[in-house]
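Visitor: Okay, handing you the structure first.
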Amino acid sequence: MGIALALAMAAGGLGASAAAAQAAPQGPPFPYADCIKATAKKGESAAQGKWHCDQLVQKGWVKPPNR
């Protein structure tokens, strides 16, 4: 009986972690607009934020802006 309970709890935990993984936000590359918003929140100037996001585009962490 104890083994069946442990297996049921383990299966339930795996299902919960799989559901949480599906609900997690998308990984890199992130949208350029989100990068600009994040740099503004951190107190960077517009020019500094653009430079920072452009560097992250080159590294593949941020999608290039739609121009």
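Visitor: Rank-order 57-66, 32-41 by packing density, defined as the average count of other C-beta atoms within 10 Å over each peptide's residues, highest first.
Guide: Result, highest mean Cβ count within 10 Å first: 32-41, 57-66.
Visitor: Tally Lys and Arg at +1 and Asp and Glu at -1 over the other residues with C-beta under 10 Å from the C-beta of residue 35: what net charge comes out?
Guide: Summing Lys/Arg as +1 and Asp/Glu as -1 gives +1.
Visitor: Pull up all non-local amide H partners of residue 30: gap of 5 or more, or a different chain, and H-to-H distance under 5 Å with H placed in the peptide plane.
Guide: For residue 30, whose amide H was placed from the backbone, the distant partners under 5 Å are 62, 63.
Visitor: Quick one: what are the phi-derived ³J(HN,Hα) couplings along the range 40-57, Karplus 6.51/-1.76/1.60 with θ = phi - 60°, whole Hz, x for glycine and proline?
Guide: Result, rounded to whole Hz: 5, 4, 7, x, 6, 5, 4, 5, 5, x, 4, 4, 4, 5, 4, 5, 6, 5.
Computed from the coordinates by the stated procedures, all read-outs in this text should not be read as laboratory data. Here the structure is a predicted model, which is why all the values come from computation and not from measurement. Neighbour counts are summed over all protein chains in view; Cβ atoms, including those assigned to glycine, are modelled from backbone coordinates with ideal geometry.
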